[in-house]
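Reviewing the structure listed below.
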Amino acid sequence: MSRLPAKYQLRTRLDQQEAVQAVAEATREVFDVFGLAQVCADLGLPATVELPQSGTTMYHGRSERDFSGVQSVAGARKGNPYNDLFARITINADDLSWECTIDLRTYSLWFSPAALTALIDRLLGISAETGEIRQLRHELNQERIARQSLEVELTALREKPLEPRERASFERLLYVLACGAKFQLKKPYSDGEAIIRSAAILGVKVPGNDTIASFLKAAKARAESERES
């Protein structure tokens with residue numbers, strides 16, 4: 001028997017407000033649309049978005065690609081720190097992750113009843129006293145916080161040159177923040193582009209991509225050398 005509220009069971013899909021409400025009614029757990037989209041993607045039942053047939057430009061580092069029609073959303077986070085009207089979404093294609101910011105007033109994220117049912121079953125099967133639900137939220141929040149902290153640290157470095165000891169501490173901290181923000185540091189220029197786009201949304205000034213990439217390379221090199229010694 002489905003635990004999805006009866007009024008939604010015959011629907012083929014639910015928009016973002018309906019999906020959040022359905023989960024809240026069934027479990028008393030309140031997700032925002034970004035967390036809900038990410039959890040559904042992690043369950044292998046991602047939300048979808050309908051992009052205009054004229055195409056929407058998405059970015060992977062310096063590369064651009066137009067997407068249109070119905071697309072599966074591999075990840076979602078706030079696209080603006082000051083309101084919930086914009087989402088930074090990720091679409092996977094050709095083994096690459098492509099990102100863009102959409103206005104949720106224009107483009108809704110759509111959720112399938114199967115995805116919401118799977119999530120509801122999982123939540124109801126977990127005691128609210130266990131740490132699993134809190135851990136899901138904690139990981140999402142930590143990634144957002146780490147990205148913001150990374151941008152602030154890069155700005156501070158540009159404004160004040162560092163002594164050797166300070167630079168060593170900075171590079172260690174930068175490495176930790178970059179890893180916390182889910183950057184693998186294998187392609188520092190691609191990571192730098194992501195930082196620049198995120199900084200623009202946040203209204204934070206950061207150095208150019210060449211400088212950011214050099215910082216990330218240095219942070220990775222220091223971490224690897226200290227790990228080996």
ask   = Of the residues in the stretch 179-190, how many are assigned to a helix (DSSP H, G or I) and either out of contact with any helix residue (DSSP H, G or I) (no Cβ under 6 Å at 6 or more places or on another chain) or surrounded by fewer than 21 Cβ atoms within 10 Å (Cβ to Cβ) (or both)?
value = 4
ask   = Could you list, in sequence order, the residues of the stretch 105-121 that are among the hydroxyl-bearing types (S, T, Y) and in contact with a helix residue (DSSP H, G or I) (Cβ under 7 Å, 6 or more places away or on another chain)?
value = S108
inquiry  = I'd like the full set of residues that are over 25 Å from I195 (Cβ atoms), surrounded by fewer than 16 Cβ atoms within 10 Å (Cβ to Cβ), hydroxyl-bearing (S, T, Y) and out of contact with any Gly (no Cβ under 7 Å at 6 or more places or on another chain), limited to the stretch 44-71.
reply    = S54
query = Could you list, in sequence order, the residues of the stretch 20-39 that are of a type in the set (A, V, I, L, M) and under 19 Å from the mean Cα position of the chain (by Cα)?
reply = V20, V30, V33, L36, A37, V39
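Rule-based calculations on the coordinates, nothing more; no lab input. Since the structure is predicted, the reported quantities are computational estimates derived from the model, not experimental observations. Because the Cβ atoms are built from the backbone with ideal geometry, glycine has one as well, and the counts that use them run over all protein chains shown.
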